[in-house]
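**Student:** Structure below; questions to follow.
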Amino acid sequence: MPTSLTPPPADDETECGNCGAYIYHGLLRCPNCGVYLVDPVDTEAEERPKFRRKSKFSLAVESVMRKVRGEPHPAEELFTGVMREAILFDDLLHKVGGDRSVVERLIEY
């Protein structure tokens, strides 16, 4: 006669020491309670490369050189699409007489 109502864990399962849920051997955390099943391995902290800020003079020289070469600022490359949408939105807002709800309906349409 069994002593427990729950069946024993299968060969590829283990019991969580915190909540008692049966979980697969390969997992690092219990999916039921979230407790770590194995102790984290003590590894040496990786040394991050030192970040050295550029001086104001070097930033100014970069800016001048970029303007001489005709290159856009990196921020311009990131926000060109957003700025274009804002200009189109403002233009449409002007055309409908300043009614934002009409502009939003037109855009949705």
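**Student:** Probe of 1.4 angstrom, ligands and nucleic acids ignored: what's the accessible area per residue over the stretch 69-109, in square angstrom?
**Tutor:** Details: 3740 Å² over 41 residues.
That works out to 91 Å² per residue.
**Student:** If you add up the charges near VAL64, with Lys and Arg at +1 and Asp and Glu at -1, over every other residue whose beta carbon is less than 15 angstrom from its beta carbon, what do you get?
**Tutor:** Neighbour charge sum, excluding VAL64 itself: +3.
**Student:** Using only alpha carbons, build the gyration tensor for the stretch 66-109 and give me the equivalent ellipsoid semi-axes, biggest first, whole Å.
**Tutor:** Calculated on Cα positions only, the semi-axes equal 31, 10, 6 Å.
**Student:** What spacing in nm lies between the two simple spin-label points modelled at GLU13 and PHE51, each 7 Å away from Cα in the Cβ direction?
**Tutor:** Output for this residue pair reads 4.7 nm.
The values are calculated or read from the model by the stated rules, or taken from the named source; none is laboratory data. Treat the numbers as computed from the prediction; the structure is a model and nothing was measured. Cβ sites come from the backbone with ideal geometry, for glycine too, and all protein chains shown count toward neighbours. Accessible surface is based on the protein model in full, side chains and every heavy atom, while ligands, DNA and RNA are left aside. Shrake-Rupley method; radii C 1.70, N 1.55, O 1.52, S 1.80 Å.
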